[in-house]
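Novice: After the structure tokens below, expect a handful of questions from me.
The values are calculated or read from the model by the stated rules, or taken from the named source; none is laboratory data. Model, not experiment: these values are computed from the prediction. Cβ placement follows ideal geometry from the backbone for every residue including glycine, while neighbour counts extend to all protein chains displayed. Surface areas here come from the heavy atoms of the whole protein model, side chains and all, with no ligands, DNA or RNA. Shrake-Rupley method; radii C 1.70, N 1.55, O 1.52, S 1.80 Å.
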Amino acid sequence: MFALRMVQLIERHANKLSDELMHRLETSRRCRELVEKVPALELKMRTHEIYSHLSDWLLAKPEAEMEKQYIGLGVRRAKQGVPLSEFLFALCTTKECLWDYLEREGLLEDPVELLGDLNLLHELGRFFDTMACSAAVGYESVHRADPEPAAECALT
């Protein structure tokens, strides 16, 4: 199955992808506070986790678990003083880095194979959208001083 091979390739190259993403974040002027306020090791581990466990996120973990984790991450980043715009920029850059890698590897060129695996591409988009939405819920809860942020981030 092409989709499974693509995800496995991403996971096998998680270190390379994470290094590339870290370089993009560290050299971008659009997320200076993120890089300054989040310890480098924490940021590196988080970026590596996304790429190295992509099949779990897409195929195994319930959406509610992902929402809970990223609401928590949103709370953490808000408490670290990271502007929401910089956090969202980093999420978008994570996705962009992944797409660039897939294009470099020639995995987005064959339309016949892609047609059969549009579901995976849709799930990748939903994964990153859910991350962003859930993190925003976490941020909002800090600013409202909610003891318990809403655990649902419905994307319709």
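Novice: Points 7 angstrom from Cα along the Cβ direction at Phe89 and Asp129: gap in nanometres?
Specialist: So the label points at Phe89 and Asp129 sit 2.4 nm apart.
Novice: Another one. Give me the percent of accessible area attributable to carbon and sulfur for region 1-114, probe 1.4 angstrom.
Specialist: 54
Novice: Still on this structure, I have one more. For Asn15 and Glu49 in one chain, what is 0.36 nm times their gap in residues minus the Cα-Cα distance, to one decimal in nm?
Specialist: Gain on extension, Asn15 to Glu49, equals 11.3 nm.
Novice: Students often forget the sequence filter, so: which lysines lie under 29 Å Cα-Cα from Lys16 once same-chain residues fewer than 8 apart are removed?
Specialist: The qualifying lysines are Lys37, Lys44, Lys61, Lys68, Lys95.
Novice: Further question: What is the distance, in nm, between label points placed 7 Å from the Cα along the Cα-to-Cβ direction at Trp99 and at Lys37?
Specialist: 2.7
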